[in-house]
Every structure is written in structure tokens, then in C-alpha cells.
Amino acid sequence: MATEHIFEYSKSSRATCRGPPPCRGSTIELGMLRYGQVQNGRYGETVEWRHWGCVTRDILEKLATVKLESVPGFMDL
């Protein structure tokens, strides 16, 4: 995957939020707006999802440096 950011509406209720406590580990319900950050791991790329409300200032500052139209899912919001 060429980008490190993803926006989308949750396709199921299986993903859990990787945001800060107390939300960390809670379910991201079907249809909720979520933000994903691509992580490179030992077995390939994975996405760490967060509720949109759990996006931190640091992430917003990173998003401010990219062309949002190029982030997968942004144009579908």
C-alpha cells in the first residue's frame, strides 16, 4: 500500500479501536467513520483502525502535510 492513511465507513463490527484509553479496544460499529493507519509488520501490512473521534492531534498534524484527495477513501466521505 502506497499510503499510510485510510478513511472509510466501517464495513463490519469486527474492528477494534486502537485509539487512546478508555476507547482503546472498543468495537467500531458497522457504518461508523473510521481512520486507519497502515503499519508494516513482520507478516506484511496491517491497518490499525480508530474511531474518527479517537484521532489524535499528532495524526491530524501528519494529515495536514498530505494531499487529502490522495488518501484512500477521502473522496468517498
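Throughout, read-outs are computed from the coordinates displayed, never taken from laboratory work. Treat the numbers as computed from the prediction; the structure is a model and nothing was measured. Cβ: placed from backbone, ideal geometry, glycine included. Neighbour counts: every protein chain shown.
In nanometres, what is the gap between the two model label sites at residue 29 and residue 74, each 7 Å from Cα along Cα-to-Cβ?
Once both label points are built, they end up 2.8 nm from each other.
Most exposed first by the Cβ proxy, i.e. fewest other Cβ within 10 Å, how do 28, 59 rank?
Numbers: 28 25, 59 15.
Ascending number of Cβ neighbours within 10 Å: 59, 28.
If you look at just the Cα atoms of segment 5-65, how large are its Rg and its Dmax in Å?
11.4, 31
Among 62, 11, rank each residue by its count of other Cβ atoms within 10 Å, from fewest to most, as a rough exposure measure.
Numbers: 62 13, 11 10.
Fewest to most other Cβ atoms nearby, the residues stand as 11, 62.
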